[in-house]
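Novice: The structure under discussion is supplied below as structure tokens; questions concerning it will follow.
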Amino acid sequence: MHQMTLAEIARGLADKKFSSEELTKVLLARISQLDPQLNSFISLTEELALEQAKAADARRANGESGALLGAPIAHKDLFCTQGIRTSCGSKMLDNFKAPYDATVVAKLAAAGAVTLGKTNMDEFAMGSANESSWYGAVKNPWNLEHVPGGSSGGSAAAVAARLLPAATATDTGGSIRQPAAFTNLTGLKPTYGRVSRWGMIAYASSLDQGGPLARTAEDCAIMLQGMAGFDQNDSTSIDEPVPDYSASLNESLQGLRIGVPKEYFSAGLDPRIAELIQNSIKELQKLGAVIKEISLPNMQHAIPAYYVIAPAEASSNLSRFDGVRFGHRCENPENLIDLYKRSRGEGFGPEVQRRIMVGAYALSAGYYDAYYLKAQKIRRLVKYDFMTAFNEVDIILGPTTPNPAWKLGAKNSDPVAAYLEDVYTITANLAGLPGLSMPAGFVDGLPVGVQLLAPYFQEGRLLNVAHQYQLNTDWHTRTPTGF
């Protein structure tokens, strides 16, 4: 059962080959057996899962149907879940039980999805390796000595290890697409505003976006269908009709114009990954796609702009965690200032503290114009580059990451080296565009991903291209040894 995709599970449940309760018990047992190697879960929700599975079986017995009805999933541990710990991977929120469900959680529950637990993540989603979690690093199932990517590494490792078929994740600068590339999954970051952020604990409000991690584009289409839609509780949610993402999966790629930015193939890209990307381009050409070289001239400025904007927003968002209303509180504070200082100093880890300090500096009087305002101007130029490119092409293709997954601890002493691994992903967040990573091969036994970007609200186009590619390749079917 654990080898089935979300689509296969939906068909099996519809054909009554097994029940949701049977499947849930199998996967919960598998998590208990195998997750100690991976550390991909922070909390398991066995009682809730079995209740939801029984309810889903009853709904099916009464004639209901749906691709997610009875399907087991997990949530990244920054989606609020009522009565269940929502920690954001931080000591600061270790004792926090959300009083309500995030919109994404509520929508998937209404569709009948079964929540197996909450997955590990970089603390407050700040990281590219899933090593900054207060609950310990997550291991990559393809090689337990390597990182699974971050910040959604727990969701990625759990799905890649076949502990469950799909999971929710979030992407602020590549945190869905990069872990997908590192663990041989398909990961989709939707257009900014496509998926509600209400109840999703914020890192950088203008960049964060929730999305799915799964093994195939078909499964991502099913998950996104359940997650997407306007939410009046979220002021950044966009009131745009949600199409049937599964309906467009089998459209022809004949005549599809694919742009390949020349800036993507610079000296920083591992030549073995470059070769795999070229192989992917050839596969798509066989399916009728037309390739065109394009330019994204302001891409070189994206990383410095992102690492001003994101920490600035983080410093503002995380100011609410002060030891007064909720979260970690220090022992025996001498006064209010001591309470603030020690609660935040004890509750936040080094990476979060680093980004809060950078962000506070960038927003301070005398530096706002020099850093934050200038970064926002660069952001506008990055967006303009994409708008110009999409006048000529339908999608943009390139590597998801410049290198395969690195060894645990390899970049801990040099945070900037880890930041540079986001070079291909952060531009989509700065511009608010949808992006998808899909499996494209292996380097030294470690997975590699190819990234696709599309115009606003064209997630269906990305899923269509990825699905057609996966019908003609088998990279996404490979399973890590031992899982």
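The values are calculated or read from the model by the stated rules, or taken from the named source; none is laboratory data. The structure displayed is predicted, hence computed values, not measured ones. Reconstructed Cβ throughout: ideal geometry from the backbone, glycine too, with neighbour counts over all protein chains shown. Please note that ligands, DNA and RNA were not included when accessible areas were found on the heavy atoms of the full protein model with its side chains. Shrake-Rupley method; radii C 1.70, N 1.55, O 1.52, S 1.80 Å.
Novice: Out of the stretch 327-350, which residues are over 23 Å from G127 (Cβ atoms) and of a type outside the set (K, R)? Full working, then the answer.
Specialist: Taking the stretch 327-350 and keeping what is over 23 Å from G127 (Cβ atoms), we get 329-342.
Of everything in the stretch 327-350, those that are over 23 Å from G127 (Cβ atoms) and of a type outside the set (K, R) turn out to be C330, E331, N332, P333, E334, N335, L336, I337, D338, L339, Y340.
Novice: Tell me, which residue of the stretch 187-203 that is among the hydrophobic types (A, V, I, L, M, F, W, C) and either in a loop (DSSP other than H, G, I, E, B) or closer than 19 Å to Q458 by Cα (or both) is most open to solvent (accessible area, probe 1.4 Å)?
Specialist: In this case the residue turns out to be W198.
Novice: Could I ask something else about it? Here are some conditions: (1) closer than 22 Å to G112 by Cβ; (2) under 13 Å from the mean Cα position of the chain (by Cα); (3) among the β-branched types (V, I, T). I222 meets all but one. Which one does it not meet?
Specialist: That leaves (2) as the condition not met.
Results for (1) at positive phi; (2) open to solvent by 50 Å² or more (accessible area, probe 1.4 Å); (3) not in a helix (DSSP H, G or I), shown as yes or no for each residue.
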{"site": "Q3", "(1), (2), (3)": "no, yes, yes"}
{"site": "I9", "(1), (2), (3)": "no, no, no"}
{"site": "K25", "(1), (2), (3)": "no, yes, no"}
{"site": "L28", "(1), (2), (3)": "no, no, no"}
{"site": "I42", "(1), (2), (3)": "no, no, yes"}
{"site": "E51", "(1), (2), (3)": "no, yes, no"}
{"site": "A56", "(1), (2), (3)": "no, no, no"}
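Novice: Also, I was wondering about something else. Return the residues of the stretch 360-375 that are open to solvent by 30 Å² or more (accessible area, probe 1.4 Å) and in a helix (DSSP H, G or I); say none if nothing qualifies. If you could, list the steps in order and put the result at the bottom.
Specialist: The initial filter retains those residues of the stretch 360-375 that are open to solvent by 30 Å² or more (accessible area, probe 1.4 Å), namely 360-361, 363-374.
Within the stretch 360-375, A360, Y361, L363, Y368, D369, A370, Y371, Y372, L373, K374 qualify.
Novice: Kindly evaluate P148 against the criterion of being over 30 Å from I9 (Cα atoms) and out of contact with any Asp or Glu (no Cβ under 9 Å at 6 or more places or on another chain).
Specialist: On the way: over 30 Å from I9 (Cα atoms): no; out of contact with any Asp or Glu (no Cβ under 9 Å at 6 or more places or on another chain): yes.
In short, no.
Novice: Also, I was wondering about something else. Give me the residue from the stretch 377-402 that is over 24 Å from I309 (Cα atoms), in a loop (DSSP other than H, G, I, E, B) and touching a residue at least 40 places away in the same chain (Cβ under 8 Å) and, out of that set, farthest from the chain's Cα centre (by Cα).
Specialist: E392
Novice: Next question, about the same structure. Report yes if E346 is buried (at least 17 other Cβ atoms within 10 Å of the Cβ), of a type outside the set (K, R), touching a residue at least 12 places away in the same chain (Cβ under 8 Å) and assigned to a helix (DSSP H, G or I), otherwise no.
Specialist: Criteria not met by E346.
Novice: Now, a different point. Using beta carbons and a limit of 9 Å, which pairs, at least six apart or on different chains, have the first residue in the stretch 456-483 and of a type in the set (V, I, T) and the second one in a helix (DSSP H, G or I) and crowded, with 19+ Cβ neighbours inside 10 Å?
Specialist: Listed pairs, sorted by first residue: V465/A217; V465/L284; T473/S280; T477/Q470; T479/A160.
Novice: So which pairs qualify, if the first residue must be in the stretch 102-118 and farther than 20 Å from R60 by Cβ, the second must be open to solvent by 30 Å² or more (accessible area, probe 1.4 Å) and outside any helix (DSSP H, G or I), the Cβ gap must be under 6 Å, and the two must be at least 6 apart or on different chains?
Specialist: T103/W198; G117/L44
Novice: Here is a list: S280, S266, S315. Which entry is touching a residue at least 60 places away in the same chain (Cβ under 8 Å) and polar (S, T, N, Q)? Give the derivation first.
Specialist: Numbers: S266 fails: touching a residue at least 60 places away in the same chain (Cβ under 8 Å); S315 fails: touching a residue at least 60 places away in the same chain (Cβ under 8 Å).
Going through S280, S266, S315 in turn, the sole match is S280.
Novice: Got a sec? Which of S280, S237 is modelled with pLDDT of 95 or more, open to solvent by less than 20 Å² (accessible area, probe 1.4 Å), assigned to a helix (DSSP H, G or I) and among the hydroxyl-bearing types (S, T, Y)? Let's see the steps before the verdict.
Specialist: Working: S237 fails: assigned to a helix (DSSP H, G or I).
So the residue among S280, S237 that is modelled with pLDDT of 95 or more, open to solvent by less than 20 Å² (accessible area, probe 1.4 Å), assigned to a helix (DSSP H, G or I) and among the hydroxyl-bearing types (S, T, Y) is S280.
Novice: For Y340, only one of the following conditions fails: (1) among the aromatic types (F, W, Y); (2) surrounded by 20 or more Cβ atoms within 10 Å (Cβ to Cβ); (3) under 30 Å from V352 (Cβ atoms). What is its number?
Specialist: It fails just one condition, (2).
Listed here are the residues, each with its yes/no results for (1) open to solvent by less than 10 Å² (accessible area, probe 1.4 Å); (2) basic (K, R); (3) closer than 15 Å to L213 by Cα; (4) in contact with a strand residue (DSSP E or B) (Cβ under 6 Å, 6 or more places away or on another chain).
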residue: K118; (1), (2), (3), (4): yes, yes, yes, yes
residue: M126; (1), (2), (3), (4): yes, no, no, no
residue: E131; (1), (2), (3), (4): no, no, no, no
residue: G149; (1), (2), (3), (4): yes, no, yes, no
residue: G154; (1), (2), (3), (4): yes, no, yes, yes
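Novice: Which ones in the stretch 376-402 are under 24 Å from V352 (Cα atoms) and either modelled with pLDDT under 95 or open to solvent by 30 Å² or more (accessible area, probe 1.4 Å) (or both)? Give the steps one after another, and end with the answer.
Specialist: Taking the stretch 376-402 and keeping what is under 24 Å from V352 (Cα atoms), we get 376, 379, 401.
Correct list: Q376, R379.
Novice: Does A74 satisfy the criteria of being at negative phi and surrounded by fewer than 18 Cβ atoms within 10 Å (Cβ to Cβ)?
Specialist: No.
Novice: Also, quick follow-up: Do you know which of the residues in the stretch 298-316 that are open to solvent by 20 Å² or more (accessible area, probe 1.4 Å) and in contact with a Phe, Trp or Tyr (Cβ under 7 Å, 6 or more places away or on another chain) is farthest from A417 (Cα to Cα)?
Specialist: Among residues in the stretch 298-316 that are open to solvent by 20 Å² or more (accessible area, probe 1.4 Å) and in contact with a Phe, Trp or Tyr (Cβ under 7 Å, 6 or more places away or on another chain), the one farthest from A417 (Cα to Cα) is V308.
Novice: Quick one: in the stretch 11-23, which of the residues that are assigned to a helix (DSSP H, G or I) and of a type outside the set (S, T, Y) is most open to solvent (accessible area, probe 1.4 Å)?
Specialist: Among them, the one singled out is R11.
Novice: Please determine whether any residue of the stretch 248-256 is free of Cβ contacts under 8 Å to residues at least 12 places away in the same chain and either of a type in the set (A, V, I, L, M, F, W, C) or under 17 Å from M438 (Cα atoms) (or both).
Specialist: For the stretch 248-256, residues free of Cβ contacts under 8 Å to residues at least 12 places away in the same chain and either of a type in the set (A, V, I, L, M, F, W, C) or under 17 Å from M438 (Cα atoms) (or both): absent.
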